[in-house]
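Reviewing the structure listed below.
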Amino acid sequence: MSDRDGAGGTATPAAPPVLARVEGRLGHLTLNRPSRINALDIPTVRAVLQALDAWEDDPTVAVVLVDGAGDRGLCAGGDLRAMASGLSGDGPRAEDFLAVEYRMNARLAHYRTPVVAFMDGIVLGGGVGISAHCGVRVVTERSVVGMPETAIGICPDVGSLHLLARAPGRLGAHLALTGARLDGPGAVHAGLADHLVTSGDLASVTARLRDGVVPELPVPPPSPHPSWIDECYAADTVAGVLDRLRAHPDPAAAEAARTLAAMSPTACVATLEALRRAATLTLDEVLAQDLAVCSRLFHEPDFAEGVRAVIVDKDRDPHWRPATLDAVDRDRVLSFFDPVDAAAPGPAPRG
């Protein structure tokens, strides 16, 4: 369907999914789907890769900036409707999207030119992938950062478990299993960001970047997580975590238990296993693991049901299969970790 203006009926060109331009010595990438909070799809990711390819050997580009159009946030994650349509053959396969997205995540992490990410506003799922692997990660008072994948029947991906496995104490397990959101200081404490500035100061930071200079930016004071997280998430299994949360006297632990109990049991068992493996893996190895696990979870019933409950019908009442943790076949979950045929997304191929 074409957009047309009201005057002469002339087709209006579609807005590019990414605005890529060189401003002084700055390569500036702006995700440009503000009506979808800049959700990622294959054209968006390919546009980012194309710009990175063009700028990496360009001596005039001294620094790259990733930010988002609109006032709601950097990126709400992958375009779930597009991924779900791939299951019925009405769109690209979700696995194909993941492969190119993970290539972008690795490219940003290994990029030779410094990359700054403005993690302003909503930064969820794939939004973490396009920002938290960059060299300079900036949050603001508006930042809301999280990995909500277990609510839709899959694992936190985009290499996030490489970071969460190295978060202080057991915080990474809490974030991965429940999808808990972090504010700016919390994201810095978790290792997902580096600096905290006010959103009103981002324009002045951008001006310095145009000069090819990454300015010194403030680091927030420590924002430690509560002790119940380390106590409860030390359990060996998801069921054990849930039992400890329910038994803990802190009301926040009880709230976390209610959240965790509502997540896909299969996705939670897979997530805890993936998080523990990620602790000894490189980022590229975690991305390869993400591709294996999520490619399998996309074809489990919980993904389609999670998208229905969260995105389509929005009733927030998913009917998971199986419905309980004790009914999850652990051997089947472990089979999700078998390598897939697709090449692991590494630091490289261009184009």
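The values are calculated or read from the model by the stated rules, or taken from the named source; none is laboratory data. Remember, predicted model here, so these are calculated numbers, not experimental data. Every residue, glycine as well, gets a Cβ built from its backbone with ideal geometry; the counts of neighbours run over all protein chains shown.
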Original post:
Can you name the number of the only condition in (1) touching a Cys at 6+ places or on another chain (Cβ under 9 Å); (2) surrounded by fewer than 23 Cβ atoms within 10 Å (Cβ to Cβ) that V123 fails?
Top reply: (2)
Original post:
Among the numbered criteria (1) at pLDDT 95 or above; (2) out of contact with any helix residue (DSSP H, G or I) (no Cβ under 9 Å at 6 or more places or on another chain), which single criterion is violated by D57?
Top reply: (1)
Original post:
Can you name the number of the only condition in (1) surrounded by 18 or more Cβ atoms within 10 Å (Cβ to Cβ); (2) more than 23 Å from L209 (Cα to Cα) that D67 fails?
Top reply: (2)
**OP:** For region 270-295, name all the residues that are acidic (D, E) and closer than 18 Å to R330 by Cβ.
**Re:** E273
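Which ones in region 221-230 are in contact (Cβ under 8 Å) with a residue 24 or more places away in the chain and under 25 Å from L177 (Cβ atoms)? Show your work before the answer.
Let us first name the residues in region 221-230 that are in contact (Cβ under 8 Å) with a residue 24 or more places away in the chain, namely 221-226, 228-230.
Correct list: P222, S223, P224, H225, P226, W228, I229, D230.
Has region 101-124 got any residue that is acidic (D, E), under 19 Å from L283 (Cα atoms) and either in a helix (DSSP H, G or I) or under 14 Å from the mean Cα position of the chain (by Cα) (or both)?
Within region 101-124, the first condition is being acidic (D, E), and the residues that meet it are 101, 120.
Filter once more, keeping what is under 19 Å from L283 (Cα atoms): 101.
Still in the running and either in a helix (DSSP H, G or I) or under 14 Å from the mean Cα position of the chain (by Cα) (or both): 101.
For region 101-124, residues acidic (D, E), under 19 Å from L283 (Cα atoms) and either in a helix (DSSP H, G or I) or under 14 Å from the mean Cα position of the chain (by Cα) (or both): present.
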Subject >> Cross-chain or 6+ apart pairs with Cβ under 6 Å, region 286-315 first and over 15 Å from G86 (Cβ atoms), then buried (at least 17 other Cβ atoms within 10 Å of the Cβ) and of a type in the set (D, E, K, R) >> reply: D290/D157
Original post:
What number goes with the only condition from (1) outside any helix (DSSP H, G or I); (2) at pLDDT below 95 that V310 does not pass?
Top reply: (1)
Original post:
Assuming G91 fulfils every condition listed in (1) without any contact (Cβ under 8 Å) to a residue 24 or more places away in the chain; (2) in a helix (DSSP H, G or I) apart from one, which condition is it?
Top reply: (2)
**OP:** State whether one or more residues within region 254-265 are in contact with a helix residue (DSSP H, G or I) (Cβ under 8 Å, 6 or more places away or on another chain) and among the acidic types (D, E).
**Re:** no
**OP:** Being of a type outside the set (D, E, K, R), within 17 Å of G153 (Cβ to Cβ) and in a helix (DSSP H, G or I) narrows it down to one of V293, V286, so name that one.
**Re:** V293
Subject >> Sole residue being more than 25 Å from G77 (Cα to Cα) and surrounded by fewer than 24 Cβ atoms within 10 Å (Cβ to Cβ), chosen from L202, L217 >> reply: L217
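Does region 171-181 hold any residues that are crowded, with 24+ Cβ neighbours inside 10 Å and of a type outside the set (V, I, T), and which are they?
Our first condition is that a residue be crowded, with 24+ Cβ neighbours inside 10 Å; within region 171-181, this holds for 172-178.
Once the filter is applied, which keeps residues that are crowded, with 24+ Cβ neighbours inside 10 Å and of a type outside the set (V, I, T), region 171-181 yields G172, A173, H174, L175, A176, L177.
What about L217, is it in contact with a strand residue (DSSP E or B) (Cβ under 7 Å, 6 or more places away or on another chain) and under 26 Å from T60 (Cα atoms)? Give the steps one after another, and end with the answer.
Working: in contact with a strand residue (DSSP E or B) (Cβ under 7 Å, 6 or more places away or on another chain): yes; under 26 Å from T60 (Cα atoms): yes.
So L217 passes the test.
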